[in-house]
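To start, the structure under review is shown below, and the notes come after it.
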Amino acid sequence: MANKIQSIKGFYDVTPDAQKIWRYFESQCLSIFDQYGYEEIGLPIIEATKLFEAGVGTHTDIVEKEMYSWTDKLNKDKLTLRPEGTAGCVRAVIQGSLTYNGPIKLFYRGPMFRHENVQKGRQRQFHQLGIESFGLTDPSSDAEQIIMLSRLWKTLGLEKIIRLEINSIGDKEDREQYRKELIDYFEKNLEILDDDAKRRLHKNPMRILDSKNLQMQDMLEKAPKLIDSINEDAKNHFNLLCQILKDNQVDFQLNKRLVRGLDYYNRTVFEWITTDLGSQGTVAGGGRYDYLVERLGGKSTPACGFAIGIERIILLLENANLVNNIHPDIYIVNLGNESRDKSFTIAEYLRDQDYKVAVNLDSASFKSQMKKADKSNAKIALIIGEDELKNNLIQVKLIRKDGSQIELKEKDILSFIKNNI
């Protein structure tokens, strides 16, 4: 017997049971995004490596050590499997002149790839659902995205286990001045910094603030806070954002150390966090990136967005024992080939009426088929055997109600189903 071929470490299958929860989650997202006027854009999973070097930042962990990159054999282009979605979406907006007629609000979904340590909630192929808006400067555009996420958590029943943290990191000039202050502060506390922090000290000192090293927490808490010295416009922008969130009953916590891990952010940054997934607690995050479009070759265009880590939300929904509606309404039990043929005809008729119908396709016993009907979570089982076939009758069992069973004429089936589903 040949050796079994296994999936690559960090790359996972999504089994049918888990896929049902994925479909439920995505269906809720799509419905809410439609309510808020976001349009879907499809993006390639392979982009030029320089897109992420220019967009995400050469001194980020993603570009330095996590990207799957290679040189194309045919034309020697340097290519990368996308590690995140924003840079590719910006590239598409510039390339397609999508803001020519004014602001545009987009969303996308699909796999991202990063070569990193595999653990619960962190994979090498993971999936994100991203939102981006272009051409809107007002803090109400930031607020709309946060409020939309708040609505999504409530719809999914997760609002009690996910909390919002927000901050403002000001504009370019604010961060340049802050960077100098931060380096000066960290150099005075060099003996406390771990190796990772020392590596980042002169490349990306703001990322040190994200460190989870317990020995550094007291020192990090006493570090200068960027929000305390941002410019007046950025301050007003953030204050108005906070007021809109309060007016719409969205609870949040100011986290002055929150900076996000990518270079392109400015002003608003935010994360939705849970304590139910161990160390991988961020389930969604984003903010404003008003300079990225210009940095990637487009006209100066304000923008903001966020991404949801789908696998982490699926874990939360699984932990919550989510009961979803991805199951048949009706399961047809049949005994014998002629009964099965009849089952197909009835199933197609009921599907024309928008019911979800599963037909038993093997020659299992009646008892075995009824077990399958129960396991399918269908509300009604239709039973067709030889006697029923001869007399144009169907046995109907209310599986989810009282389990009662009655005999009906075929012509009366649809009316009965409408009254009981």
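Some values worked out for this structure:
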| item | result |
| --- | --- |
| Residue-normalised accessible area of the chain, expressed per residue, 1.4 Å probe, Å² | 51 |
| Space enclosed by the convex hull of the alpha-carbon atoms of region 191-314, per residue, Å³ | 157 |
| Cβ-Cβ FRET estimate between GLU181 and ILE326, R0 fixed at 41 Å, reported to 0.05 | 0.20 |
| In order through region 43-58: 3J(HN,Hα) via Karplus (6.51 cos²θ - 1.76 cosθ + 1.60), integer Hz, x for Gly, Pro | 10, x, 8, 10, 9, 5, 4, 5, 4, 7, 4, 7, x, 6, x, 5 |
| Dipole magnitude of region 140-299, debye to nearest 20 (Cβ charges: Lys/Arg +1, Asp/Glu -1, about Cα centre) | 240 |
| Bins of 5 Å from zero: percent of alpha-carbon pairs in region 21-158 | 2, 8, 16, 18, 19, 16, 12, 5, 2, 1 |
| The chain: calculated mean residue ellipticity at 222 nm from DSSP helix runs of at least 4, using -39500 (n - 2.57) | -11000 deg cm²/dmol |
| Gap separating the Cα centres of region 151-173 and region 218-257, nearest whole Å | 13 |
| Two-decimal ratio, region 21-100, of alpha-carbon radius of gyration to 2.2 N^0.38 Å | 1.34 |
| Surface share of carbon and sulfur [accessible, 1.4 angstrom probe, percent] for the chain | 48 |
| Peptides 290-301, 135-146 ordered by average Cβ neighbours within 10 Å, highest first | 135-146, 290-301 |
| Inter-site label distance for ILE421 and GLN405 at 7 Å from Cα along Cβ, in nm | 2.0 |
| Charge tally in the Cβ shell below 13 Å around GLN19, where Lys, Arg are +1 and Asp, Glu are -1, GLN19 excluded | -3 |
| Estimated FRET transfer efficiency when R0 is 30 angstrom, pair ASN239-ARG163 (beta carbons, to 0.05) | 0.90 |
| Counting all C-alpha pairs of the chain, share separated by more than 40 Å (%) | 33 |
| Leading residue at positive end of dipole, region 302-421 (Cβ point charges), from ALA347, ALA364, ALA303 | ALA303 |
| Kirkwood Rh in Å, taken over region 280-421 so that all alpha-carbon pairs contribute | 18.6 |
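The values are calculated or read from the model by the stated rules, or taken from the named source; none is laboratory data. Computed from a prediction, not measured in an experiment: that's the story for all the values here. All Cβ positions, glycine included, derive from the backbone under ideal geometry; neighbour counts span all protein chains shown. Accessible surface is based on the protein model in full, side chains and every heavy atom, while ligands, DNA and RNA are left aside. Shrake-Rupley method; radii C 1.70, N 1.55, O 1.52, S 1.80 Å.
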